[in-house]
1. Compute the long axis of helix 3-22 from its Cα atoms, compare it with the longest principal axis of the Cα atoms of the chain, and write down the angle in degrees, 0 to 90, nearest 10.
2. For the chain, set up a GNM with springs between Cα atoms under 10 Å and report which of 30, 84, 62 has the largest fluctuation.
3. Full extension from residue 138 to residue 86: what is 0.36 nm times the residue separation minus their Cα-Cα distance, to one decimal in nm?
4. What is the Cα centroid distance between segment 89-165 and segment 1-54, reported in whole angstrom?
5. Using alpha carbons only, how many degrees (0 to 90, rounded to 10) separate the axis of helix 82-94 from the longest principal axis of the chain?
6. Between residue 22 and residue 61, how high is the FRET efficiency from 1/(1 + (r/R0)^6) when r is the Cβ-Cβ distance and R₀ = 25 Å? Nearest 0.05.
7. When only alpha-carbon atoms count, how far does the chain stretch along each of its three principal axes, as whole angstroms with the largest first?
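Every number here is computed from the coordinates shown, using simple stated rules; none is lab data. These figures come from a predicted structure and were not determined experimentally. Here the Cβ positions follow ideal geometry from the backbone for every residue, glycine too, while neighbour counts run over all protein chains shown.
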């Protein structure tokens, strides 16, 4: 992709991220994004149809980043489930402002749900390709895991508990180990 296009899209994303820290999603306008990104409205429309497309682009980048980390482990026989949390932590830390803004502002709960769906797909891939779980109910298990993981991370991002990120990772790892062991033993 052309570097100018990438640079413009990054400026639009940065402007959107700045605005989600300041106001509810429904109050953000394309004009505000364009002004902060220092572009014309028509330039915005060259890259996106609406504000939701900006979010979708950001979400896709984050999910792709996480999937790339997970794919590093797919073919390794000594995969440790805790690695997924270290990778998730890395992705969250690389996008910490975005995740904090989304977690703190209730008007962005739909964004958390969207991220939860992406995480569920990744967990499904891990369960089926790494752990070789073939349960007909796997989609329910992965949705359950994803919602719990997102809830715990959201609470941590909001500052609703005094856990460090490492302590949260240990809790998530232990919960996952118990659950994954149960699934593996009952294939």
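1. So the inclination is approximately 80 degrees.
2. Largest GNM mean-square fluctuation: 30.
3. Details: separation 52, 0.36 × 52 = 18.72 nm, distance 2.33 nm.
Extending this stretch completely gives an extra 16.4 nm.
4. Centre-to-centre (Cα) distance: 25 Å.
5. 10 degrees
6. The value I calculate is 0.70.
7. Cα spread of the chain along its principal axes, largest to smallest: 58, 38, 27 Å.
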